[in-house]
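One structure is given below, encoded as structure tokens.
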Amino acid sequence: MQRWSLGIAYNGTDWHGWQKQPQVVTVQSQLEQAIHRFLGHEVHTVCAGRTDTGVHALEQVVHLETELVRREVSWIRGVNSFLPSSIRVQWARPVDGQFHARFSAQRRHYVYLLHNAPHPSPFTQARAAWMFQPLKLQLMQQAAQILIGTHDFSSFRSADCQSHSPVRELQKLRITQQGEYFVFYFSANGFLHHMVRNLMGVLVYIGMGKRSVHWAQELLTARDRSLAAPTFAAQGLYLAKVDYPPSCGLPDHGLADLVHRHLGVKLC
């Protein structure tokens with residue numbers, strides 16, 4: 001039995017998240033159906049991180065097992081021929097049997113793209129969230145510095161979060177402005193359910209001037225989700241990249257290159 005890892009990019013707009021669910025169409029169900037048609041037998045895929053309805057991925061990583069022998073290029077072209085246009089295999093690699101898409105991961109990177117303009121654009125509605133009220137970059141950057149580090153993120157986790165501990169190390173949180181777009185970059189050893197979208201809600205409230213920069217620290221101390229801002233929109237969120245040890249042998253295209261290639265913005 002050979003274990004394979006695939007890098008998947010997808011536009012999550014039309015899908016009910018990653019994970020297979022009864023009576024709805026998801027990215028995982030579409031991918032497994034395509035692989036079934038490619039290999040001629042059913043497979044089960046394991047992903048690096050589940051994404052919610054409307055959330056996108058620049059490089060989701062999965063693993064699966066099969067006894068059939070296929071070339072790397074055949075995996076890409078073959079599986080893509082059975083996938084809808086909004087889901088695409090980017091690369092394929094044979095991996096060691098101990099490799100696990102979720103548990104072998106060292107850190108995860110998310111990018112959030114926010115269009116800040118008086119009126120929405122019909123050309124960016126699927127790829128970016130929209131906010132009409134002006135945002136102040138400096139205020140959000142100051143709040144970001146408070147949130148970086150190892151904290152109890154209970155105020156930023158979903159009520160449905162199943163993680164045993166709310167403590168996470170948010171290693172990077174960078175915010176830049178490029179014309180009408182704000183680019184938010186999050187990197188951590190792991191994320192709680194809805195953590196990025198809940199962080200976004202707080203940062204946007206602070207950027208609008210609705211709350212002070214110090215509110216970020218107050219929420220960390222309070223550890224109470226009910227005191228924070230509403231969960232922000234899904235459509236601007238991208239699982240951008242997942243890091244693995246070099247020994248896993250997976251391709252490394254570079255985070256900045258992935259973001260620029262797929263989103264057309266710079267990651268500073």
- Condition check for His63: surrounded by fewer than 19 Cβ atoms within 10 Å (Cβ to Cβ), more than 14 Å from the chain's Cα centre (by Cα) and at negative phi: no
- Query: Looking at Arg70, Arg50, which one is at pLDDT below 95, among the basic types (Lys, Arg), out of contact with any strand residue (DSSP E or B) (no Cβ under 7 Å at 6 or more places or on another chain) and within 23 Å of Tyr244 (Cα to Cα)?
  - Reply: Arg50
- Task: Give just the number: which of (1) within 19 Å of His56 (Cα to Cα); (2) in the same structural domain as Ile146 (by TED's automatic domain parsing) does Ala256 not satisfy?
- Result: (2)
- Within the stretch 207-226, is even one residue among the hydrophobic types (A, V, I, L, M, F, W, C), within 23 Å of Ser121 (Cα to Cα), in a helix (DSSP H, G or I) and in the same structural domain as Trp130 (by TED's automatic domain parsing)? yes
- Task: Hand me the list of strands (runs of 3 or more DSSP E) wholly inside the stretch 113-184 holding 3 or more residues that are buried (at least 18 other Cβ atoms within 10 Å of the Cβ).
- Result: 167-178
- Looking at Ile8, Ile76, which is the one that is in a helix (DSSP H, G or I) and among the β-branched types (Val, Ile, Thr)? Ile76
- Which listed residue, of Pro122, Pro134, is modelled with pLDDT of 95 or more and out of contact with any His (no Cβ under 9 Å at 6 or more places or on another chain): Pro134
- Message: Looking at the stretch 185-201 only, could you name the residues that are assigned to a helix (DSSP H, G or I) and over 14 Å from Met131 (Cβ atoms)?
- Response: Met195, Val196, Asn198, Leu199
- Task: Would you be able to tell me the number of residues in the stretch 11-40 that are out of contact with any strand residue (DSSP E or B) (no Cβ under 9 Å at 6 or more places or on another chain) and in a helix (DSSP H, G or I)?
- Result: 6
- Gln2 vs. criteria touching a residue at least 24 places away in the same chain (Cβ under 8 Å) and among the polar types (S, T, N, Q): yes
- Item | Pairs, first within 19 Å of Gly17 (Cα to Cα) in the stretch 80-93, second part of a loop (DSSP other than H, G, I, E, B) and polar (S, T, N, Q), C-beta under 6 Å, six or more apart | Ser86/Asn11
- Item | Odd one out for Ala240, checked against (1) under 14 Å from Leu173 (Cβ atoms); (2) part of a helix (DSSP H, G or I); (3) not charged (D, E, K, R) | (2)
- Message: Scan the stretch 180-196 and tell me whether some residue there is on the phi < 0 side of the Ramachandran plot, touching a Ser or Thr at 6+ places or on another chain (Cβ under 6 Å) and of a type outside the set (Val, Ile, Thr).
- Response: yes
- Message: Among the residues in the stretch 18-39, are any without any contact (Cβ under 8 Å) to a residue 40 or more places away in the chain, touching a helix residue (DSSP H, G or I) at 6+ places or on another chain (Cβ under 7 Å) and closer than 27 Å to Val196 by Cα?
- Response: yes
- Message: Quick check on this structure: which one of Glu65, Glu59 is out of contact with any Phe, Trp or Tyr (no Cβ under 8 Å at 6 or more places or on another chain) and of a type in the set (D, E, K, R)?
- Response: Glu59
- Task: Might you let me know whether the stretch 193-202 holds any residue that is surrounded by 14 or more Cβ atoms within 10 Å (Cβ to Cβ), modelled with pLDDT under 95 and touching a Cys at 6+ places or on another chain (Cβ under 6 Å)?
- Result: yes
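The values are calculated or read from the model by the stated rules, or taken from the named source; none is laboratory data. The structure displayed is predicted, hence computed values, not measured ones. Virtual Cβ from ideal backbone geometry, glycine too; neighbours counted across all protein chains shown.
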